[in-house]
Amino acid sequence: MAKYDYDLFVIGAGSGGVRAARLAALSGAKVMVAEEHRVGGTCVIRGCVPKKLMVYASEFSHSFETARGFGWTIDNPRFDWPRFLAEKDKEIARLSGIYVRNLENAGAELVHGKARLIDAHTVEVEGHDRVTAGKILIATGGRPWMPKALKGVEHAISSNEAFHLTELPKRIVIAGGGYIAVEFACIFNGLGVETHLVHRGPNILRGFDDDIRTHVTEEMGRRGVRVILSTQHDAIEKTATGLVSRFTGGHHCESDVVMFALGREPCTDDLGLDAAGVKLDEKGAVVVDEFSRSSVKNIWAVGDVTNRINLTPVAIREGHAFADTEFNDKPTSFDHEMVASAVFSQPPVGTVGLSEADARHKYGKIDIYMTRLRPMKTAFAGEDERCLMKLVVDAESQKVVGCHVVGPDSAEMIQMAAIALKMGVTKQQWDSTCAVHPTLAEELVTLREKYLPPGLGQAA
Ligand code: FAD
């Protein structure tokens, strides 16, 4: 008789958990997965997918403007928020169903309810009998962090609720400077909502290249988002006409909705991890090694709950590597270097590798290649939009160690650039690539002159 009820118990049916559970089950292991909300996790239910659909919806207003410059007459276009939400929810339900079917087809058992560890091998799912498992995978993801002590915080929403607002607000205040805050600010602005983005730091998108941060702030401003920096909420008050956000420094602003996107925290509380002896870091994330193994030898963790790189493809690859290592006899650790990412702001950002500041810190001497240009499409339409392209090169090895783009299709471009950077491309190899014309991307392979800060002039 088997020593445990299951070979693997996965807590959380999101990006990382589902991939690991499915592959383990396909290898012949007996697998159970617990999910307390909806199968698919943050990405499918209240993250990447619904967010991208909202981005698409909101981009049309700008496209209509551009279309006018190309001779189109567009009379009184209107947006139907409830209709969009209904369609969006249908799509999310469809995708969640695919995740459920994929798990079932692989032979994994799905159980609905909140799971917690009783000890290192025993799991209890609310409303179900306790079960034991040889291996346990924590894939519980993260949740929005809310400033619980703030006066009036109960009037604010997080990104979770932003996907289900019954009415499209006329005015919104979004607090935060990370990519989620920036993306939602652009979404609501594109949908015609008067949008304030309020961030306590001196610039948005901390961790990104400084030129990118400044450029996005300027472009968002050009499109109508009011970006207010170096201040934060002191309180929120409900009045007869809306919500008043009171900021440090004495300013205030009235809106219909206040949304906080101030960061996310790993879902590790009330999971029984202490009972099992699993070590957490100071932010509550599960501490793991390069094979995603926790401090307890039969317990692993993947995805946002480990707070490494909190992106869907990373959670998937970590889950995949875990299953390969533990159930397919193929020891694999996911390489967290050169992971490309995008900010679906308007205009969007695509980025891979090091920022100029990080590269300077790491390599000392670096070469910068940078251009700002007006894309053909919007320039023709009479718009003043600028695109930014920047390459960061290690001066000694001449390897391209960072590539950053702000502009149309940059999220698509960066996926291809990431292949080259991951392979260790040198600037010379990069330059030997022939351009595709006429495209915006061709500018990336024709950056020849080293960029020197204003005042120093261009290198010969
Ligand atoms: P999750 O997908 O969060 O899954 C964890 C699951 O565990 C959840 O379903 C949860 O309900 C369940 N769970 C938690 N505790 C328990 C418990 N005790 N018992 C049972 N079940 C439990 N990433 C990108 O790559 N690109 C993007 O464009 C992007 N946009 C985003 C936009 C937003 C608004 C947000 C919030 C995130 C976005 N992300 C994006 C990040 C991405 O969604 C996450 O990195 C990814 O979902 C992490 O996957 P995961 O498997 O670690 O966790």
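Kindly indicate whether THR332 is over 30 Å from THR306 (Cα atoms) and among the hydroxyl-bearing types (Ser, Thr, Tyr). No: the conditions fail for THR332. Of all residues in the range 76-88, those that are farther than 18 Å from CYS43 by Cα have Cβ atoms under 8 Å from Cβ atoms of residues that are loosely packed, with under 11 Cβ neighbours inside 10 Å, 6 or more apart or on another chain, in TRP81/GLU167; PRO82/THR166. Checking the stated criteria, GLY177 turns out not to satisfy the condition of being within 30 Å of PHE9 (Cα to Cα) and in a loop (DSSP other than H, G, I, E, B). Six or more apart or on different chains, Cβ atoms under 7 Å: show the pairs whose first residue is in the range 24-52 and on the phi > 0 side of the Ramachandran plot and whose second is open to solvent by less than 20 Å² (accessible area, probe 1.4 Å) and more than 6 Å from the ligand (Cβ to nearest atom). From the range 24-52, the pairs are GLY40/SER96. Selection within the range 214-263: residues that are open to solvent by less than 40 Å² (accessible area, probe 1.4 Å) and either out of contact with any strand residue (DSSP E or B) (no Cβ under 9 Å at 6 or more places or on another chain) or within 16 Å of the ligand (Cβ to nearest atom) (or both). The member of this set that is nearest to GLU194 (Cα to Cα) is VAL257. So, ASP324, is that one among the acidic types (Asp, Glu) and on the phi > 0 side of the Ramachandran plot or not? Answer is no for this residue. In summary, PRO147 fulfils each of the numbered conditions (1) surrounded by 23 or more Cβ atoms within 10 Å (Cβ to Cβ); (2) of a type outside the set (A, V, I, L, M, F, W, C); (3) more than 16 Å from the ligand (Cβ to nearest atom) with the single exception of condition (1).
Show me the helices (runs of 4 or more DSSP H) entirely contained within the range 290-391 in which 3 or more residues are open to solvent by less than 50 Å² (accessible area, probe 1.4 Å), in the same structural domain as ILE11 (by TED's automatic domain parsing) and closer than 22 Å to PRO266 by Cβ.
In the range 290-391, the matching helices (runs of 4 or more DSSP H) lie at 312-327.
A single entry from SER58, SER15, SER27, SER63 fulfils the requirement of being modelled with pLDDT of 95 or more and touching a Pro at 6+ places or on another chain (Cβ under 9 Å): SER15. Within the range 27-50, the set of residues being more than 6 Å from the ligand (Cβ to nearest atom) and among the polar types (S, T, N, Q) comprises just one member, SER27. Selection of the range 89-118 for residues being without any contact (Cβ under 8 Å) to a residue 12 or more places away in the chain and either surrounded by 13 or more Cβ atoms within 10 Å (Cβ to Cβ) or over 24 Å from CYS186 (Cα atoms) (or both) yields ASP89, ALA93, ARG94, GLY97, ILE98, ARG101, GLU104, ASN105. For ASP210, the conditions (1) in contact (Cβ under 8 Å) with a residue 12 or more places away in the chain; (2) of a type outside the set (Ser, Thr, Tyr); (3) in contact with a strand residue (DSSP E or B) (Cβ under 8 Å, 6 or more places away or on another chain); (4) open to solvent by 30 Å² or more (accessible area, probe 1.4 Å) are fulfilled apart from (3).
Checked against (1) in contact with a His (Cβ under 6 Å, 6 or more places away or on another chain); (2) more than 23 Å from PHE60 (Cα to Cα), VAL406 passes all but condition (2).
Taking the numbered list (1) among the hydrophobic types (A, V, I, L, M, F, W, C); (2) in contact (Cβ under 8 Å) with a residue 12 or more places away in the chain; (3) over 20 Å from GLY407 (Cβ atoms) in turn, VAL244 passes all entries but (2). Only one of the listed residues (GLY16, GLY69) is surrounded by 16 or more Cβ atoms within 10 Å (Cβ to Cβ) and within 30 Å of PRO347 (Cα to Cα). That residue is GLY16. When restricted to residues that are open to solvent by less than 10 Å² (accessible area, probe 1.4 Å) and in a strand (DSSP E or B), the range 402-434 contains 5. Of the candidates GLY303, GLY350, the single residue that is on the phi > 0 side of the Ramachandran plot and under 16 Å from the mean Cα position of the chain (by Cα) is GLY303.
The values are calculated or read from the model by the stated rules, or taken from the named source; none is laboratory data. A quick note: this is a predicted structure, and the numbers were derived from the prediction, not measured. Neighbour counts run over all protein chains shown; Cβ positions are idealised from the backbone, glycine included. Ligands, DNA and RNA are excluded from the accessible area calculation, which covers all protein heavy atoms including side chains. Shrake-Rupley method; radii C 1.70, N 1.55, O 1.52, S 1.80 Å.
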